[in-house]
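The values are calculated or read from the model by the stated rules, or taken from the named source; none is laboratory data. This one's a predicted model, so the numbers in the text were calculated from it and none came from an experiment. Here the Cβ positions follow ideal geometry from the backbone for every residue, glycine too, while neighbour counts run over all protein chains shown. Accessible surface is based on the protein model in full, side chains and every heavy atom, while ligands, DNA and RNA are left aside. Shrake-Rupley method; radii C 1.70, N 1.55, O 1.52, S 1.80 Å.
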Amino acid sequence: MDDYRIELARRADAAPIARMSERYVEAGLKPAWGAVRIGWYIRDPDSVVLTARGPDDIAGFAIMRFGDETAHLNLLAVAPGHRRRGVARHLLTWLEDSALTAGTFVIGLELRADNAVARTFYASLGYLETGEVPGYYQGIESAIRLRRDVRVSREAPGTRHTSP
Ligand SMILES: CC(C)(COP(=O)(O)OP(=O)(O)OC[C@H]1O[C@@H](n2cnc3c(N)ncnc32)[C@H](O)[C@@H]1OP(=O)(O)O)[C@@H](O)C(=O)NCCC(=O)NCCS
């Protein structure tokens, strides 16, 4: 991870992030995350658009919207040449730490049911699958819903962090 800088997205990042979303998250669907929508999230005070920057380009990004009770992870992707180096884990851990600090303890998300790699990734980070939503993606693909309580340790699910 030393090769990457974790930084908030700038307005100019909206277009490259939209291209990554279309390519890596929304492949086969009508793209719903264009540059205008991403730009809205970059400006939204209740959202964080986070990037991991390599020497030449954006290696990965994540978009999270924070509510009072829950935060929702809208998008997360890492470009193929940068995968399995802990980039997504770092992005998500940064957002989870922010949620914990903000007192927003539950993070929810949906992902495409056939995305086995992402299901393995989220399971490795302590996310629990809570159900399936048929037709969630434009009526043609199911979603799996996941959630994680950021107060619960990843290593020992069911064990809450306690103060010393
Ligand atoms: C899912 C995705 C974000 C993971 O990004 P990444 O930076 O490669 O993930 P990390 O390196 O942080 O992996 C963390 C852990 O997740 C698991 N994992 C990640 N990719 C995996 C794979 N291809 N096979 C098995 N386990 C995997 C491993 O436990 C890994 O830890 P390890 O490398 O120490 O074994 C990336 O594959 C991706 O962008 N996929 C396309 C878009 C997508 O599916 N987004 C998520 C849904 S919105």
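For a paramagnetic label modelled on Asp46 (point 7 Å from Cα along Cα→Cβ), amide N atoms under 14 Å away belong, within segment 87-107, to 104.
Across the chain, the mean sequence separation of Cα contacts (distance under 8 Å, 6 or more residues apart), normalised by length, yields a relative contact order of 17 percent.
Mind running the shape call on segment 48-133? Use the C-alpha gyration tensor, a ≥ b ≥ c as the square roots of the eigenvalues: rounded below 1.5 for a/c, prolate if a/b tops b/c, oblate otherwise. Walk me through the numbers on the way to the answer.
On the way: a/c = 2.00, a/b = 1.20, b/c = 1.66.
Oblate shape, in that a/c is at least 1.5 and b/c is the bigger or equal ratio.
Heavy-atom surface analysis with a 1.4 Å probe gives the chain a carbon and sulfur content of 51 percent of its accessible area. Once you place label points 7 Å from the Cα toward the Cβ at Glu141 and Thr101, how far apart are they in nm? For Glu141 paired with Thr101, the spin-label model returns 3.4 nm.
Could you calculate, for the chain, the ratio of the Cα radius of gyration to the Kirkwood radius, expressed as Rg to Rh? All intermediate terms of the calculation are to be shown ahead of the outcome.
Working: Rg = 15.5 Å, Rh = 16.3 Å.
Radius of gyration over Kirkwood radius for the chain works out to 0.95.
Think of a 1.4 Å ball rolled over the protein heavy atoms: segment 5-149 then has 52 Å² of accessible area per residue.
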